[in-house]
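Worksheet: the structure to be examined is printed underneath.
The values are calculated or read from the model by the stated rules, or taken from the named source; none is laboratory data. Here the structure is a predicted model, which means the values were calculated and not measured. For neighbour counting, all protein chains shown are included, and Cβ atoms are generated from backbone atoms with ideal geometry for every residue, glycine included. All accessible areas refer to the heavy atoms of the entire protein, side chains included, with ligands and DNA or RNA removed. Shrake-Rupley method; radii C 1.70, N 1.55, O 1.52, S 1.80 Å.
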Amino acid sequence: AVKRPTPTNGHVKIGARSRPGSADPSLSPEQATRLTEQFNDQVRRSRGAIQQCYVAALKKDESIQARTIELAVNVLVSSSGQILEPTFSPRISADFAKCMSQVAKRWKLEKVAGGGFRLQYPVTLTPT
């Protein structure tokens, strides 16, 4: 059998839009739209950091080297605009989740009355 070379790089494709999840009923549709767009921008600007997390995971885990992963980035936005409870599905590895959590900690949205606004953003991870 011919052994394929181990991918040492990965391509990260950021989805077009996040999908709003459940929102605090006190949020207006305009606030929800604004927060969603801010979140979209934060994820897009973090593309390089997300790619670094993915490349590190590729080097450690052969099982993800031959497939594209449709990753869902899920967060809860607090009333202060802080990102809480970031989760990444499907789970790739503990190291990847830790790396991505560090990226998510840098994301900040505007303050809003209420809180508990959930967002999900699609990210495609492809080994190259």
For Glu70, Glu110, what's the largest-to-smallest order of accessible area, 1.4 Å probe?
Glu70, Glu110
Label point distance in nm, Ser28-Ala66, each placed 7 Å from Cα along Cα→Cβ
5.4 nm
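Provide Asp95, Asp61, Asp41 ordered by accessible surface of protein heavy atoms (probe 1.4 Å), highest first.
Output order, biggest surface exposure first: Asp95, Asp41, Asp61.
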Taking a 1.4 Å probe, which of Arg67, Arg106 shows the most accessible area, and what order do the others take after it?
Arg106, Arg67
Solvent-accessible area of Leu84, probe 1.4 Å, all protein chains present, reported in Å² to the nearest ten, please.
60 Å²
So, taking all protein chains as they sit and a 1.4 Å probe, how much accessible area belongs to Thr128, in Å² rounded to tens?
100 Å²
